[in-house]
Amino acid sequence: MKADALQVFQEHMNRLGDMLSDALNKMVPGSGKKVGFFLLVFPLANPETPVTFLADGADTDQVIGLLEETVKRLKQERSQQAGHA
């Protein structure tokens, strides 16, 4: 992805993140930010292009922990599904 196209893509991701944050936090009673998220976006047509991510409400260490827990859970679910096939 060219530098100018990447900048436009990142701007769109940031706007999407703002909209997603607003929508999710409006769904939970109370005021202020109550929900965080981590969004991964990857190109289907060009697998060599790096994954783009957006974290809202989490620092890098928290995101790494969330990803590790998610991978662990996905592997367990896949293993359980294979055992029932």
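For this structure, a couple of remarks:
- Residue check, residue 54 surrounded by 10 or more Cβ atoms within 10 Å (Cβ to Cβ), touching an Asp or Glu at 6+ places or on another chain (Cβ under 9 Å) and in a strand (DSSP E or B): no
- Here residue 32 meets each of (1) over 30 Å from residue 3 (Cβ atoms); (2) surrounded by 11 or more Cβ atoms within 10 Å (Cβ to Cβ); (3) modelled with pLDDT under 90 with one exception, condition (2).
- Long-range neighbours under 7 Å by Cβ, at least six apart or interchain, first residue in a helix (DSSP H, G or I) within segment 61-73, second of a type outside the set (Lys, Arg): 63/38; 63/55; 66/38; 66/58
- Residue selected from segment 35-49 under the condition of a type outside the set (A, V, I, L, M) and surrounded by fewer than 10 Cβ atoms within 10 Å (Cβ to Cβ), by the criterion nearest to residue 70 (Cα to Cα): 47
The values are calculated or read from the model by the stated rules, or taken from the named source; none is laboratory data. Since this is a predicted model, take the numbers as computed values, not measurements. Glycine gets a Cβ as well: all are built from the backbone with ideal geometry, and neighbour counts include every protein chain shown.
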